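To start, the structure itself, in structure tokens.
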Amino acid sequence: MIYGPSMMRQALRPGLLVTLVVLALSACGGGEQQSEQACQGPAQRSASIDPDNLWDDATKSTIGATKEWTNKVELADIDGDGLVDILFANGGTMLWLNDGTGHFTDATEARMPDALVQFSWELEFADVDNDYDLDILISCKVCGGSFFFENDGTGAFTDVSQAKLPQFINNYDFEAMDVNRDEYLDLATINDGIASTEHIFLNDRHGGFNDATARIWPDSENLGFDDNMDTFLDFDSDGDEDLLVGSLDGPDRLHRNNGSGKLKLVNDQLQYILGETNGTLGIAVADLNSDCKLDVVQAQGESACPENVYLGKDIPADTAPPVITQVEKVSASGTDRPMQVRARVHDNKSPTMPHDWRSVVLRWRTDGQTHQRSLQWYGEYLWGGTIEEPPTGNFNYEVCATDAAGNKACSSPKRVES
């Protein structure tokens, strides 16, 4: 499940288009020690670019002809073998496993539930039960509700939607984040409530969710518009995750988290916090101009265009440390087998991206010396790395992260006894 230099050498082969983007992310996702096989810096600029030769069409040799239409794709290591796999939404939800040579095998029939997803807007990976593998959440516009497929740890999935996910029709988006700081991921959904309001589902810590909307996102703060997308961000740099909702027929709306997950509306239904536009179909946040403030990009459609960029102005610079939870406990030492350590690391925003980080590392101490290696992202907010030659005696290890603004955090040290 970990993307390291040896896997990069296998994966970055000519024609392997579909995995290249995520593999580049995992190799360059931050680290104070990069191997020679990782990124070497910016590429040399060419005097001219031939648009016909930027990429090769490798469809036939990688996935071949598919049978279904789809409008959503996600890439992640689904089966824990360190290779990036492909998941398509709609028409049955198609799973393609990477064999490491640039070829993908259709594993839909063998590994996916026989569930008809008729019209999906959203497909999301999330480790719902904190077992370090990626479960699947799929929205459905015309089904009786959304879908939750549980990963058994090997990349085979079971449909647990009815038992573990509150069912509401017309969900446009899933956004996963631990809003109440219990170290389990919660969910925000879009447009699937009464009169097109949203929902918050809190993780029940048993692999499922409960509808907590009435308690932490009441009607006074949860306005009904034709909303399309949401994203978490810490706009006020107070160390918790706020929520920005993009709307197609009303103002985009910002909600402040009070620290326990309860959301308070910052702008009302007549106040355009991001300009007077009714047409947001997509929304993303990042520090675009390196001033340590979050900026916003709107993708506009249907009733409005062109796209918009808003630079942070009267918001605080980012001074909040990264969030590090679920550091995996290694139970044995004195062995020559590599030790894998995984953790959840984010910077109070969704999704996590390579530009969010200066470094995310695994650090251990033995014989008075400190060692470290870069952790690699493999989906959701999950990162992992390996101590290839573990010390034979007792030692401590921790996960440390430095975000793009220079804020640092380390987990509490964990001890391995020989």
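Of all residues in the range 114-127, those satisfying the criterion of being under 16 Å from Gly144 (Cβ atoms) and buried (at least 18 other Cβ atoms within 10 Å of the Cβ) are Val117, Ser120, Trp121. Only residues that are in a loop (DSSP other than H, G, I, E, B), under 30 Å from Leu97 (Cβ atoms) and either in contact (Cβ under 8 Å) with a residue 40 or more places away in the chain or in contact with a strand residue (DSSP E or B) (Cβ under 8 Å, 6 or more places away or on another chain) (or both) were counted in the range 154-182, giving 9. Considering only the range 53-75, I want to know if a residue exists there that is closer than 15 Å to Thr154 by Cα and touching a Phe, Trp or Tyr at 6+ places or on another chain (Cβ under 8 Å). Within the range 53-75 (the criterion being closer than 15 Å to Thr154 by Cα and touching a Phe, Trp or Tyr at 6+ places or on another chain (Cβ under 8 Å)), the answer is no, since none of the residues qualifies. With respect to the conditions (1) within 13 Å of Pro113 (Cβ to Cβ); (2) at pLDDT 95 or above, Gln167 falls short on a single one, namely (1). Please pick out the residue among Val327, Val345, Val360, Val341 that is surrounded by fewer than 22 Cβ atoms within 10 Å (Cβ to Cβ) and in contact with a strand residue (DSSP E or B) (Cβ under 6 Å, 6 or more places away or on another chain). The unique qualifying residue is Val327. Applying the set (1) surrounded by fewer than 19 Cβ atoms within 10 Å (Cβ to Cβ); (2) touching a Lys or Arg at 6+ places or on another chain (Cβ under 8 Å) to Gly144 leaves exactly one unmet item: (2).
In the range 263-280, of all residues being under 19 Å from Gly224 (Cβ atoms), open to solvent by 30 Å² or more (accessible area, probe 1.4 Å) and assigned to a loop (DSSP other than H, G, I, E, B), the one that is modelled with the highest pLDDT corresponds to Val266. Against the definition (under 19 Å from the mean Cα position of the chain (by Cα) and open to solvent by 10 Å² or more (accessible area, probe 1.4 Å)), how does Glu388 come out, yes or no? No; evaluated as a whole, the condition is false for this residue. From the list Asp318, Asp403, the one residue that fits, being crowded, with 19+ Cβ neighbours inside 10 Å, touching a helix residue (DSSP H, G or I) at 6+ places or on another chain (Cβ under 8 Å) and either in contact (Cβ under 8 Å) with a residue 24 or more places away in the chain or within 20 Å of Thr231 (Cα to Cα) (or both), is Asp403.
If I filter the range 92-99 for residues that are more than 29 Å from Ser146 (Cβ to Cβ) and free of Cβ contacts under 8 Å to residues at least 24 places away in the same chain, do I get at least one hit? Yes, some residue in the range 92-99 is more than 29 Å from Ser146 (Cβ to Cβ) and free of Cβ contacts under 8 Å to residues at least 24 places away in the same chain. Beta carbons closer than 6 Å, at least 6 apart along the sequence or on distinct chains, pair a first residue in the range 264-279 that is among the basic types (Lys, Arg) with a second that is open to solvent by less than 70 Å² (accessible area, probe 1.4 Å) and modelled with pLDDT of 85 or more for Lys264/Glu221. Only one of the numbered conditions (1) open to solvent by 10 Å² or more (accessible area, probe 1.4 Å); (2) modelled with pLDDT of 95 or more; (3) polar (S, T, N, Q) is not met by Ser161, and that is (1).
Within the range 43-71, residues that are within 30 Å of Lys141 (Cβ to Cβ) have Cβ atoms under 9 Å from residues that are exposed (fewer than 10 other Cβ atoms within 10 Å of the Cβ) and at pLDDT 70 or above in these pairs: Thr59/Ala65, counting only partners at least 6 apart in sequence or on another chain.
Put simply, of Asp238, Asp219 the only residue that is farther than 19 Å from Ser139 by Cβ, over 22 Å from the mean Cα position of the chain (by Cα) and open to solvent by 20 Å² or more (accessible area, probe 1.4 Å) is Asp219. For first residues located in the range 334-359 and closer than 17 Å to Asn130 by Cβ, partners that are open to solvent by 40 Å² or more (accessible area, probe 1.4 Å) and basic (Lys, Arg) and lie 6+ apart or on another chain with Cβ distances below 9 Å form the pairs Val341/Lys329; Val341/Lys414. Of the residues Ala409, Ala405, Ala401, the single one that is assigned to a loop (DSSP other than H, G, I, E, B) and either modelled with pLDDT of 90 or more or more than 26 Å from Phe235 (Cα to Cα) (or both) is Ala405.
Comparison of Val330, Val323, Val341 shows that the only residue that is at pLDDT below 90 and either under 26 Å from Asn151 (Cα atoms) or among the hydroxyl-bearing types (Ser, Thr, Tyr) (or both) is Val330.
The values are calculated or read from the model by the stated rules, or taken from the named source; none is laboratory data. Given the structure is predicted, the values throughout are model-derived calculations rather than measurements. Please note: Cβ atoms are built from the backbone with ideal geometry, for glycine as well, and neighbour counts cover all protein chains shown. When the accessible area is computed, the model is the full protein with side chains, heavy atoms only, and any ligands, DNA or RNA have been set aside. Shrake-Rupley method; radii C 1.70, N 1.55, O 1.52, S 1.80 Å.
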